[in-house]
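Report on the structure given below.
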């Protein structure tokens, strides 16, 4: 696979970091789009449209939920000082911060992609979280139903 980093003047480490980040973003995108399309099929709704604000928001919710799942389960056993020892600047956006953490884990854990695949399967097997338009009743929320 040829390196696609646009600036060839950077060192090899920078170019590899770019490639790992790109691969990670593509993998997360694939999982979240798959989850979104599957959830819509189960509810009998049409496929998501890229120009629909509600569909983009639902996709963003999937990305954040999946990144949180990855952060919770893939970082087990990793010391916090190593987990967050990123050279990237601190991100104020939660999704960007979680993605930076996953980038560090992908570079440090030899079995990262096997773990990622297990979490992907788990995420896609779980029922989708309710979207903003599907409010559960107070009792259903209280007792964890619906």
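Quick grid of which residues meet (1) under 21 Å from residue 125 (Cβ atoms); (2) modelled with pLDDT of 90 or more; (3) buried (at least 16 other Cβ atoms within 10 Å of the Cβ):
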site: 16; (1), (2), (3): no, no, no
site: 21; (1), (2), (3): no, yes, yes
site: 37; (1), (2), (3): yes, yes, no
site: 62; (1), (2), (3): yes, yes, yes
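For first residues located in segment 10-23 and in contact (Cβ under 8 Å) with a residue 12 or more places away in the chain and at negative phi, partners that are exposed (fewer than 14 other Cβ atoms within 10 Å of the Cβ) and assigned to a loop (DSSP other than H, G, I, E, B) and lie 6+ apart or on another chain with Cβ distances below 6 Å form the pairs 15/3.
On the given criteria, is residue 99 under 13 Å from the mean Cα position of the chain (by Cα), buried (at least 16 other Cβ atoms within 10 Å of the Cβ) and at pLDDT below 90? Here the answer is no, as residue 99 does not meet what is asked.
Table: residues versus (1) crowded, with 16+ Cβ neighbours inside 10 Å; (2) assigned to a helix (DSSP H, G or I); (3) modelled with pLDDT of 85 or more; (4) under 19 Å from the mean Cα position of the chain (by Cα).
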residue: 67; (1), (2), (3), (4): yes, yes, yes, yes
residue: 91; (1), (2), (3), (4): no, no, no, yes
residue: 115; (1), (2), (3), (4): yes, yes, yes, yes
residue: 133; (1), (2), (3), (4): no, no, no, no
residue: 141; (1), (2), (3), (4): no, yes, no, no
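From the list 49, 54, 65, the lone residue that is more than 21 Å from residue 114 (Cα to Cα) and touching a residue at least 24 places away in the same chain (Cβ under 8 Å) is 54.
The values are calculated or read from the model by the stated rules, or taken from the named source; none is laboratory data. In this text the structure is predicted, and so the values were computed from the model without any measurement. Heads up, the Cβs are rebuilt from the backbone with ideal geometry, glycines too, and the neighbour counts pull from every protein chain shown.
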